[in-house]
C-alpha cells in the first residue's frame, strides 16, 4: 500500500522537437529549387546531429539559407572578375595585371589560391580544383574532405563530388554544425545573449561576419516558423 506522504512521481517533460516540412522550407527559402526533395535529407541530417529543437533548427537553417543561396549553390562559384579577385584575395592579387591572369578561369584560380593549404598539394596537383568548396557550408580542401568523410563513414576524399548531392550536403553541414558546438550556442537559455551567440555562430560558419544582416533576417523568419 502506498504511503500518503510518499512523493508523487514528476511528470515526464516531453522533448520539444521540430520537423521540417516542404511548406516551411519553401516559406523560409522561396528560391529553393526543390523544397520537397530537400525535406528528407535535411530532416535526416538534423535528427542525426541533434539539431532537434526550434532554436537549433532556426539557427542552422538561417546559416544554411545564406551560405547556399537558399540551397541553390552546392559548388563554389569561382568565376570572378579581376577587380573582384583583388577584393576577395588582396594579398594574392595585389595588382590588376596579376588578377587578370586568373579572372574568369575557375580551375586555374582554385589550383592557385588553394595550393599548399587545407591539406592540398601544390598548384600542379589539381587539388585546389578537385577539393574546391562544396555542400551547404562549402567544405574546402583535401584535409577537410578526408576528416568529414571519416566522421560520416563516406569516401569523400576519393569521391568529393558526392558532396553536391542533397543527402550528403545536408549531412556534411549538420556534422560540421555539431562538431563545432553550434547546437549549444544556438540553445535558447536565460543566462546568455542569443543575438551575440548567433553572431558567434556566423563567425564559426563563415570565418567572419559577411552577410550578417541577411543571416539575421533568415534567423528571424525561421524562429517565427518554429514558434
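Go over the candidates 221, 170 one by one and state the one that is touching a residue at least 60 places away in the same chain (Cβ under 8 Å), crowded, with 18+ Cβ neighbours inside 10 Å, closer than 18 Å to residue 66 by Cα and touching a helix residue (DSSP H, G or I) at 6+ places or on another chain (Cβ under 6 Å).
Residue meeting the stated conditions: 170.
Going residue by residue through region 81-89, is there one that turns out to be at pLDDT below 95, in contact with a helix residue (DSSP H, G or I) (Cβ under 9 Å, 6 or more places away or on another chain) and part of a loop (DSSP other than H, G, I, E, B)?
yes
Can you tell me how many residues within region 186-207 are assigned to a loop (DSSP other than H, G, I, E, B) and on the phi < 0 side of the Ramachandran plot?
7
Given the conditions (1) in contact with a helix residue (DSSP H, G or I) (Cβ under 6 Å, 6 or more places away or on another chain); (2) touching a residue at least 40 places away in the same chain (Cβ under 8 Å), which single one is not true for residue 227?
Of the numbered conditions (1) in contact with a helix residue (DSSP H, G or I) (Cβ under 6 Å, 6 or more places away or on another chain); (2) touching a residue at least 40 places away in the same chain (Cβ under 8 Å), the odd one out for residue 227 is (1).
Residues 96, 118, 31: which one is under 26 Å from residue 160 (Cβ atoms) and surrounded by fewer than 15 Cβ atoms within 10 Å (Cβ to Cβ)?
Going through 96, 118, 31 in turn, just one is under 26 Å from residue 160 (Cβ atoms) and surrounded by fewer than 15 Cβ atoms within 10 Å (Cβ to Cβ): 31.
Just checking, does region 98-111 include any residue being part of a loop (DSSP other than H, G, I, E, B), under 26 Å from residue 177 (Cα atoms) and at pLDDT 95 or above?
no
Do we have any residue at all in region 138-154 that's under 23 Å from residue 42 (Cα atoms) and touching a residue at least 60 places away in the same chain (Cβ under 8 Å)?
Yes, some residue in region 138-154 is under 23 Å from residue 42 (Cα atoms) and touching a residue at least 60 places away in the same chain (Cβ under 8 Å).
Answer yes or no as to whether residue 146 is in contact with a helix residue (DSSP H, G or I) (Cβ under 9 Å, 6 or more places away or on another chain) and modelled with pLDDT of 95 or more.
no
From the list 163, 203, exactly one residue is touching a strand residue (DSSP E or B) at 6+ places or on another chain (Cβ under 6 Å) and modelled with pLDDT of 90 or more. Which is it?
One residue alone meets the criteria, 163.
On the basis of being under 17 Å from the mean Cα position of the chain (by Cα) and either part of a strand (DSSP E or B) or assigned by TED's automatic domain parsing to the domain that holds residue 56 (or both), does residue 183 make the cut?
So residue 183 passes the test.
Residue by residue through region 131-167, note down the ones that are closer than 14 Å to residue 73 by Cβ and crowded, with 17+ Cβ neighbours inside 10 Å.
If the condition is that a residue be closer than 14 Å to residue 73 by Cβ and crowded, with 17+ Cβ neighbours inside 10 Å, then 132, 133, 134, 135, 136, 137, 138, 139, 140, 163, 166 are the ones that fit.
The values are calculated or read from the model by the stated rules, or taken from the named source; none is laboratory data. Computed from a prediction, not measured in an experiment: that's the story for all the values here. Quick reminder, even Gly has a Cβ in these numbers, built from the backbone with ideal geometry, and neighbours come from all protein chains shown.
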